[in-house]
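The values are calculated or read from the model by the stated rules, or taken from the named source; none is laboratory data. Since we're looking at a predicted model, the values are computed, not measured. Note: ideal-geometry Cβ built from the backbone for every residue, glycine included; neighbour counts use all protein chains shown.
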Amino acid sequence: MALKAGDSIPKPDGEWIGAIRRHLLDWYDQNRRDLPWRKNKDPYRIWVSEIMLQQTRVDTVIPYYERFMAHFPTLKALAQADEEEVIKAWEGLGYYSRARNLHSAVKEVVEHYGGEVPSDPDAISRLKGVGPYTAGAILSIAFDRPVPAVDGNVLRVLSRWFALGEDISKVSTRRRMEELDRQLIPEERAGDFNQALMELGALVCTPQSPTCDTCPVRGECRARKEGIQEELPVKKKGKPPVPARVTFGWIRKGDRVLLHRRPSEGLLAGMWGLPTVDHPPEESSPGETLKQTLADQGLTVELGSILGEMEHIFSHRRWYVTLVEALCLGDGGSLPEDCRWVEESEVTAYALPNVYRKAVKIASETPEGIQGRLF
């Protein structure tokens with residue numbers, strides 16, 4: 001029976017802890033994946049990998065990581081880059097605030113720590129974008145400090161090892177798990193132990209259908225002994241993404257396309273994309289609100305046809321997008337600061353979020369050019 005919130009967890013004895021360490025580390029030594037951030041213990045390389053791996057699968061991250069590190073092989077190289085260059089190198093990974101926070105933090109490391117990633121828990125935890133997990137991962141993997149690094153994989157493994165039925169989405173549960181993990185980490189191989197825990201969760205102790213028969217610590221797992229491993233961990237379901245209808249404008253003037261930079265706060269903050277407006281339910285003709293919004297900014301356009309429709313899901317939003325073409329009338333000058341005309345061939349040189357990259361692809365692949373259409 002799984003332990004609930006408030007139940008006392010039997011304190012692991014030395015023999016149980018020893019068996020966990022021995023079996024897990026032996027398994028890790030034989031089964032660890034050959035990942036690019038495991039080539040050495042450079043704290044900068046580890047830091048970049050951990051930021052990229054937040055909410056993103058390992059297989060997805062690898063090519064982005066290798067490309068990013070080729071651009072910025074050292075912490076100082078990243079600190080000296082401008083934001084546009086950093087965002088472009090991050091393009092396609094999403095959650096762009098991660099890249100901005102990393103960029104800001106490495107500049108702080110250069111300014112206040114001589115370009116060396118601090119090994120002090122308090123100092124590293126004060127860096128922008130470095131939470132308890134990221135701090136623990138860097139400190140343990142790069143500096144071999146016995147500090148917990150509890151991510152989703154580790155929460156799942158520990159829930160099953162201790163048969164703990166608390167909701168892992170709660171902060172109180174995470175803190176409890178960190179304290180349990182702290183008792184298990186061996187001082188001599190802290191980084192390897194933390195990575196082994198993550199690796200076990202990724203490869204064996206998976207969310208559905210864990211392969212318990214091949215698990216190196218199956219003999220120590222309390223959930224398996226009780227036959228409740230499939231029921232754990234307990235996690236409250238999040239709210240579904242809020243639906244929203246939006247209109248993108250593929251606005252042309254000659255060979256140029258209008259790009260718009262989104263506000264500095266909110267969804268896709270500060271990113272370049274196509275002009276975007278909410279699509280009111282009462283709007284009968286897609287693009288009318290877009291046309292009026294541009295007119296309010298001093299830009300007169302004539303609407304064309306619908307180039308395509310698509311759906312894009314963010315963590316908390318689901319966009320239903322209508323892509324509308326339009327032709328700029330007049331000279332197209334006097335643009336607001338957050339807009340600019342760009343040669344169509346140069347649009348992809350900008351760091352565009354995936355949703356806009358998909359829209360640009362649709363527009364660019366339209367068989368007939370906008371100038372050949374009747375409006």
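When each of V106, V86, V48 is tested for being under 29 Å from L200 (Cβ atoms) and modelled with pLDDT of 95 or more, the lone residue that passes is V48. Of all residues in the range 248-279, those satisfying the criterion of being surrounded by fewer than 17 Cβ atoms within 10 Å (Cβ to Cβ) and hydrophobic (A, V, I, L, M, F, W, C) are L267, A269.
Residue-by-condition table, conditions (1) assigned by TED's automatic domain parsing to the domain that holds S315; (2) of a type outside the set (A, V, I, L, M, F, W, C):
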{"residue": "N194", "(1), (2)": "no, yes"}
{"residue": "A202", "(1), (2)": "no, no"}
{"residue": "G219", "(1), (2)": "no, yes"}
{"residue": "R262", "(1), (2)": "yes, yes"}
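Every condition in (1) surrounded by fewer than 17 Cβ atoms within 10 Å (Cβ to Cβ); (2) in contact (Cβ under 8 Å) with a residue 24 or more places away in the chain; (3) farther than 20 Å from A135 by Cα; (4) more than 24 Å from the chain's Cα centre (by Cα) is met by E187 except one, and the failing one is (3).
Within the range 82-96, which residues are part of a helix (DSSP H, G or I) and of a type in the set (A, V, I, L, M, F, W, C)? Listed by number, the residues that qualify are V86, I87, A89, W90. Among the residues of the range 55-81, those that are at pLDDT 95 or above and part of a loop (DSSP other than H, G, I, E, B) comprise F72, P73, T74, A81.
The criterion of being among the hydrophobic types (A, V, I, L, M, F, W, C), closer than 20 Å to A349 by Cα and without any contact (Cβ under 8 Å) to a residue 12 or more places away in the chain does not hold for A77. Taking the numbered list (1) surrounded by 12 or more Cβ atoms within 10 Å (Cβ to Cβ); (2) without any contact (Cβ under 8 Å) to a residue 60 or more places away in the chain; (3) more than 33 Å from the chain's Cα centre (by Cα) in turn, E282 passes all entries but (1). Considering the range 338-375, and only residues there that are assigned to a loop (DSSP other than H, G, I, E, B) and more than 30 Å from the chain's Cα centre (by Cα), the residue that is modelled with the highest pLDDT turns out to be T366.
Restricted to the range 285-318, and to residues there that are without any contact (Cβ under 8 Å) to a residue 12 or more places away in the chain and assigned to a helix (DSSP H, G or I), the residue that is surrounded by the fewest Cβ atoms within 10 Å (Cβ to Cβ) is D296. Taking the criterion of being crowded, with 19+ Cβ neighbours inside 10 Å and farther than 13 Å from D151 by Cα, the residues of the range 190-216 that qualify are A190, G191, D192, F193, V204, C205, P210, C215, P216. Here the range 98-131 is the region considered, the condition is being charged (D, E, K, R) and either part of a loop (DSSP other than H, G, I, E, B) or in contact with a Lys or Arg (Cβ under 9 Å, 6 or more places away or on another chain) (or both), and the residue that is surrounded by the most Cβ atoms within 10 Å (Cβ to Cβ) is R100. Taking the residues in the range 132-184 that are among the polar types (S, T, N, Q) and buried (at least 18 other Cβ atoms within 10 Å of the Cβ) as candidates, determine which candidate is modelled with the lowest pLDDT. In this case the residue turns out to be T173. Every test in (1) among the aliphatic types (A, V, I, L, M); (2) within 23 Å of W272 (Cα to Cα); (3) over 27 Å from the mean Cα position of the chain (by Cα) is passed by L25 save one, and that test is (2). Only residues that are modelled with pLDDT of 90 or more and in contact with a Cys (Cβ under 9 Å, 6 or more places away or on another chain) were counted in the range 255-298, giving 7. For the range 319-337, filtering for residues that are surrounded by fewer than 14 Cβ atoms within 10 Å (Cβ to Cβ) and in a loop (DSSP other than H, G, I, E, B) leaves 6. All of L35, L24 fail the test of being of a type in the set (A, V, I, L, M, F, W, C) and crowded, with 19+ Cβ neighbours inside 10 Å, apart from L24.
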